[in-house]
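The values are calculated or read from the model by the stated rules, or taken from the named source; none is laboratory data. The shown structure was predicted, so the numbers you read here are calculated from the model rather than taken from an experiment. When we count neighbours, we look across all protein chains shown, and the Cβ atoms used for this are built from the backbone with ideal geometry, even at glycine. Just the protein is used for accessible areas: all its heavy atoms, side chains included, with ligands, DNA and RNA removed. Shrake-Rupley method; radii C 1.70, N 1.55, O 1.52, S 1.80 Å.
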Amino acid sequence: MEALRKLEDAQRMLSFMESAGLSSHEDADSDRFLADFLHFMARPCGSLSAEKKCHLISSFLPKISEPVLEAALLRSTTTVCSETCANDFTPFTVDSGNVCLLRSGMPMVGLDAMQRANSTLEDFCRSYFMFHGMDANEPESIFRFLPFLSFTESYIYQLDNMNEELLQLSSASSEGPNLPMDMGKSDGNQSKGVHLLEVFKCDPFGPLVHLLHHHGLLIERITTELRLGTEYWTLGRKLCHALVKKKKISIEDVMRAIHLKSFDYRILNLLLYQLRGQEVNELHMEFLSVSEFLVEISDDLFDYEDDVVKNNFNILRMLIGVYGASVAPSKLSQCITEAEERYEILLNKLDPYLSSNCRKRCEEATKEGGNKSGHAFGTWNIPPVIADEESYRSRILKDEALCDADQFRFCPLVHTVYSS
């Protein structure tokens with residue numbers, strides 16, 4: 001209702017501007033800016049009269065240059081940009097079923113993002129709680145900190161969902177991952193792409209930062225990891241777009257992206273230190289960073305074919321793009337071997353009891369299989385490389401389309417059987 005009310009207010013002001021000859025007739029953004037300015041001027045402010053407000057504006061407007069505005073922005077709070085984007089952001093539904101997460105500067109998440117975050121939260125509790133002397137099998141340990149951990153991870157997944165859709169739209173654009181205004185085959189895709197891009201341009205973590213700061217949980221390292229998360233998404237889109245367009249990519253960008261990929265686990269871990277009022281254990285953080293690197297590689301190998309079809313960031317895809325299909329597997333094996341050696345060195349530096357629990361957790365993960373088998377006690381299986389991604393993607397999508405068509409064709413028959 002609040003969103004509808006604001007939309008009605010904006011429309012009334014735009015109609016008034018047209019009738020009063022105040023419309024710029026340049027573009028919608030210019031008229032919206034003027035409408036917001038009139039709303040601002042009409043808003044009560046202490047004892048200031050309308051005449052006094054106009055006098056102040058006319059007196060100081062010549063002094064408000066572009067450099068002054070830029071300097072003012074730098075001195076504003078981290079939520080200013082997010083709130084501005086939120087006010088100008090038209091709600092829309094993305095393919096994953098999530099709605100815009102920025103409304104009036106408030107962090108919001110959708111049910112789909114919460115559901116996707118569950119598996120990460122479960123793994124985090126089982127793999128990271130031990131580093132805090134906590135038992136993941138005790139409900140009290142989990143539920144005591146779950147609200148902040150769950151909300152933070154869900155917020156990240158909400159953005160990740162939006163980033164994935166932005167990646168799909170940018171891949172369809174010939175101009176690259178920056179989504180020019182004329183991209184896409186429809187006005188709907190164009191509008192959606194532009195709005196998604198605005199989210200990532202306008203400090204997407206601003207509302208979450210404000211929330212954590214309000215509760216005394218924000219530290220510089222969390223802010224840094226949030227910034228690195230945005231960098232990962234931007235870098236991932238850049239690499240995936242370059243790969244699908246057969247452009248050159250650098251190994252430096254690839255390795256930086258894979259190391260940034262687990263930023264959400266590091267944020268959750270740092271947040272748990274804050275929630276418990278404990279100092280960060282640097283040895284634990286270093287060990288876990290190597291573990292995260294290996295798990296990300298394992299996940300990428302498990303998801304390799306799907307990532308090719310969806311044009312998602314994947315370490316094997318990227319190494320093929322850098323070194324070619326014949327060399328990439330050996331380069332990846334070398335990365336794995338070096339990381340496993342570092343893992344064992346750091347594992348032996350841990351407290352013996354903690355080290356033993358880590359080994360048990362690895363054994364559990366390996367037995368559970370899926371995308372968590374692969375490092376420490378599992379067997380690495382590098383899938384057959386796909387040298388011609390374009391042909392593979394086209395074939396898979398064609399097969400899926402035929403399958404969907406067959407299902408649609410048989411629906412009336414099924415309905416007839418059940419209705420007779």
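Residues in region 296-339 that are free of Cβ contacts under 8 Å to residues at least 12 places away in the same chain and hydrophobic (A, V, I, L, M, F, W, C): 1 in all.
Residues of region 211-227 that are within 23 Å of residue 197 (Cα to Cα) and surrounded by fewer than 16 Cβ atoms within 10 Å (Cβ to Cβ): 224, 227. Of all residues in region 350-387, those satisfying the criterion of being modelled with pLDDT under 80 and polar (S, T, N, Q) are 366, 371, 373, 379.
Among the residues making up region 334-358, those that are of a type in the set (D, E, K, R) and either touching a helix residue (DSSP H, G or I) at 6+ places or on another chain (Cβ under 8 Å) or not in a helix (DSSP H, G or I) (or both) are 340, 342, 349, 351. The criterion of at least 3 residues that are open to solvent by less than 10 Å² (accessible area, probe 1.4 Å) is met by the following helices (runs of 4 or more DSSP H) wholly inside region 244-333: 251-260, 263-276, 282-302, 315-323. Among residues that are more than 17 Å from residue 154 (Cα to Cα), surrounded by fewer than 20 Cβ atoms within 10 Å (Cβ to Cβ) and either of a type in the set (Asp, Glu) or without any contact (Cβ under 8 Å) to a residue 24 or more places away in the chain (or both), residue 234 is not included.
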